[in-house]
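Engineer: Have a look at this one.
The values are calculated or read from the model by the stated rules, or taken from the named source; none is laboratory data. From a predicted model like this one, the values you see are computed outputs, not experimental measurements. Quick reminder, even Gly has a Cβ in these numbers, built from the backbone with ideal geometry, and neighbours come from all protein chains shown. SASA here: full protein model, heavy atoms, side chains in, ligands and nucleic acids out. Shrake-Rupley method; radii C 1.70, N 1.55, O 1.52, S 1.80 Å.
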Amino acid sequence: MMELELKNLTKTFRDMTAVDHMTYTMTNGVYGLLGVNGAGKTTLMRMLCTLLAPTEGEILWNGQDIYAMGGDYRRLLGYLPQDFGYYPDFTVHDYLMYIASIKGLRPAAARKRAQQLLGQVGLLKVKNKKMKKLSGGMKRRAGIAQAMLNDPEILILDEPTAGLDPNERIRFRNLLSELAKERLVLLSTHIVSDVEYIAGRILLMEEGKIRASGTAQELISGMAERVWCVSVRQSETSRFMKKYKVSNMKLTPNGVELRILSGQCPAEGARQERAGLEDLFLYYFGERSGEDDDGL
């Protein structure tokens with residue numbers, strides 16, 4: 001049984017704390033790290049990849065400190081940063097072979113593994129195409145292939161679907177689900193649907209802390225009796241949006257239908273609705289539309 005344990009993990013940059021005394025344990029399966037930009041997700045992932053050293057605390061892999069393990073730990077790791085580097089004039093195949101040489105794979109094994117992964121990520125037909133000629137979705141697929149070259153036990157993906165169109169996003173999610181068997185996969189995103197469909201457990205991260213964690217169903221069940229649908233006159237919309245978090249607004253022949261997050265009934269005639277993960281995201285991370293940046 002694999003186990004990646006964060007113990008009191010903290011990272012401070014001058015007067016800003018990006019990761020704040022985080023304690024959490026992950027085993028095999030897919031974990032979705034969900035939070036707005038600036039929540040500390042990338043800093044956490046860079047520490048998990050030993051690219052940043054923590055200010056306090058430790059990260060343990062099966063009881064061993066990952067920084068003390070050094071190369072032994074990195075050989076278990078596959079990482080796809082949000083903006084991964086590549087030589088634009090390399091073909092897709094040459095790019096994978098180059099990364100394989102950096103990871104210490106023997107040429108014969110690297111060629112076999114690259115061919116297998118190119119088929120898996122749907123890039124066999126373009127393997128001799130230059131990286132600079134690929135679409136955004138194809139580049140992300142090449143990125144996941146390079147992260148998988150060493151058949152890692154830990155796969156860390158930072159905003160892997162950023163900038164992809166809906167079809168590419170669906171294809172990428174399906175690919176991750178296939179690759180996630182018998183691994184520990186940590187996927188960071190601010191796109192709710194990405195974690196809703198593939199993550200076994202979801203971690204809600206805000207201001208360097210994990211605010212809540214659990215399966216999508218467990219987290220959503222905590223939203224029971226907090227989602228309301230209310231029909232109001234168009235002239236009343238602004239008042240409701242200043243007072244409540246509104247997750248959706250729809251024009252109707254009789255006015256405006258608002259989907260409101262509130263622990264109490266927001267208006268006479270409001271009806272309760274079933275919560276979804278987007279409601280949860282807004283509940284934890286959203287602001288009322290009328291709030292300024294200082295929250296007043």
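Engineer: Among the residues of the stretch 55-71, what is the count of those that are without any contact (Cβ under 8 Å) to a residue 60 or more places away in the chain, within 17 Å of Ile156 (Cβ to Cβ) and open to solvent by 60 Å² or more (accessible area, probe 1.4 Å)?
Structural biologist: Of the residues in that region, 1 qualify.
Engineer: Run Ala275 past the list (1) within 30 Å of Tyr79 (Cβ to Cβ); (2) open to solvent by less than 50 Å² (accessible area, probe 1.4 Å); (3) in a loop (DSSP other than H, G, I, E, B) and report the number of the one that doesn't hold.
Structural biologist: (1)
Engineer: Quick one: would you say Glu268 is under 31 Å from the mean Cα position of the chain (by Cα), in a loop (DSSP other than H, G, I, E, B), over 30 Å from Arg183 (Cα atoms) and not basic (Lys, Arg)? Break it down into steps so the answer makes sense when it comes.
Structural biologist: Working: under 31 Å from the mean Cα position of the chain (by Cα): no; in a loop (DSSP other than H, G, I, E, B): yes; over 30 Å from Arg183 (Cα atoms): yes; not basic (Lys, Arg): yes.
Taking the combined requirement at face value, the residue does not satisfy it.
Engineer: Out of (1) open to solvent by 40 Å² or more (accessible area, probe 1.4 Å); (2) more than 30 Å from Leu76 (Cβ to Cβ); (3) out of contact with any Phe, Trp or Tyr (no Cβ under 8 Å at 6 or more places or on another chain), the odd one out for Leu280 is which?
Structural biologist: (1)
Engineer: In the set Asp151, Asp94, which member is of a type in the set (Asp, Glu) and in a loop (DSSP other than H, G, I, E, B)?
Structural biologist: That would be Asp151, the only listed residue that is of a type in the set (Asp, Glu) and in a loop (DSSP other than H, G, I, E, B).
Engineer: May I pose another question? For the stretch 82-95, name all the residues that are of a type in the set (S, T, N, Q) and touching a residue at least 60 places away in the same chain (Cβ under 8 Å).
Structural biologist: Scanning the stretch 82-95 gives a single hit, Gln82.
Residues are listed down the side, and each one gets a yes or a no for (1) under 25 Å from Val185 (Cα atoms); (2) in contact (Cβ under 8 Å) with a residue 24 or more places away in the chain; (3) in contact with a Leu (Cβ under 6 Å, 6 or more places away or on another chain); (4) not hydrophobic (A, V, I, L, M, F, W, C):
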| residue | (1), (2), (3), (4) |
| --- | --- |
| Ile102 | yes, no, no, no |
| Pro107 | no, no, no, yes |
| Arg111 | yes, no, no, yes |
| Gly119 | yes, no, no, yes |
| Leu123 | yes, yes, no, no |
| Lys127 | no, yes, yes, yes |
| Lys133 | no, no, no, yes |
| Ala145 | yes, yes, yes, no |
| Asp151 | yes, yes, no, yes |
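Engineer: Please go through (1) more than 19 Å from Gly29 (Cα to Cα); (2) touching a residue at least 12 places away in the same chain (Cβ under 8 Å); (3) surrounded by fewer than 20 Cβ atoms within 10 Å (Cβ to Cβ) for Tyr98 and return the number of the only condition it doesn't satisfy.
Structural biologist: (2)
Engineer: Something else about it: How many residues are touching an Asp or Glu at 6+ places or on another chain (Cβ under 8 Å) and not small (Gly, Ala, Ser) when one looks only at the stretch 203-219? It would help to see each step written out before you state the result.
Structural biologist: Within the stretch 203-219, the first condition is being touching an Asp or Glu at 6+ places or on another chain (Cβ under 8 Å), and the residues that meet it are 207-209, 216.
Then drop every residue that is not not small (Gly, Ala, Ser), which leaves 207, 209.
Within the stretch 203-219, residues that are touching an Asp or Glu at 6+ places or on another chain (Cβ under 8 Å) and not small (Gly, Ala, Ser) number 2.
Engineer: Turning to a different aspect of this structure: Output the qualifying pairs, or none if there are none: Cβ atoms under 8 angstrom, residues six or more apart or on different chains, first residue in the stretch 25-54 and touching a residue at least 60 places away in the same chain (Cβ under 8 Å), second residue among the hydroxyl-bearing types (Ser, Thr, Tyr) and not in a strand (DSSP E or B).
Structural biologist: Close Cβ pairs (under 8 Å, with a partner that is among the hydroxyl-bearing types (Ser, Thr, Tyr) and not in a strand (DSSP E or B)) amount to Val30/Ser177.
Engineer: Identify the single condition in (1) open to solvent by 40 Å² or more (accessible area, probe 1.4 Å); (2) closer than 26 Å to Ala39 by Cβ; (3) over 14 Å from the mean Cα position of the chain (by Cα) that His190 does not satisfy, given that it satisfies every other one.
Structural biologist: Every condition holds for His190 apart from (3).
Engineer: Here's another thing I want to ask about it. Are there strands (runs of 3 or more DSSP E) fully within the stretch 191-234 with at least 1 residues that are within 23 Å of Ala162 (Cα to Cα)? List them. It would help to see each step written out before you state the result.
Structural biologist: Working: elements: 201-206, 209-214, 227-232.
Correct list: 201-206, 209-214.
Engineer: Determine, yes or no, whether Tyr79 is over 24 Å from Leu105 (Cβ atoms), in contact (Cβ under 8 Å) with a residue 24 or more places away in the chain, assigned to a strand (DSSP E or B) and in contact with a strand residue (DSSP E or B) (Cβ under 7 Å, 6 or more places away or on another chain).
Structural biologist: In short, no.
Engineer: Of the numbered conditions (1) touching a Gly at 6+ places or on another chain (Cβ under 8 Å); (2) buried (at least 20 other Cβ atoms within 10 Å of the Cβ), Glu225 fails exactly one; give the number of that condition.
Structural biologist: Of everything listed in (1) touching a Gly at 6+ places or on another chain (Cβ under 8 Å); (2) buried (at least 20 other Cβ atoms within 10 Å of the Cβ), Glu225 misses just condition (2).
Engineer: While we're on this one: Counting only residues that are buried (at least 16 other Cβ atoms within 10 Å of the Cβ) and of a type outside the set (Ser, Thr, Tyr), which one in the stretch 228-254 is farthest from Leu282 (Cα to Cα)?
Structural biologist: Filtering first and then ranking leaves Val232.
Engineer: For residues that are closer than 30 Å to Gly163 by Cα and under 22 Å from the mean Cα position of the chain (by Cα), tally how many sit in the stretch 56-85.
Structural biologist: Matching residues across the stretch 56-85 total 11.
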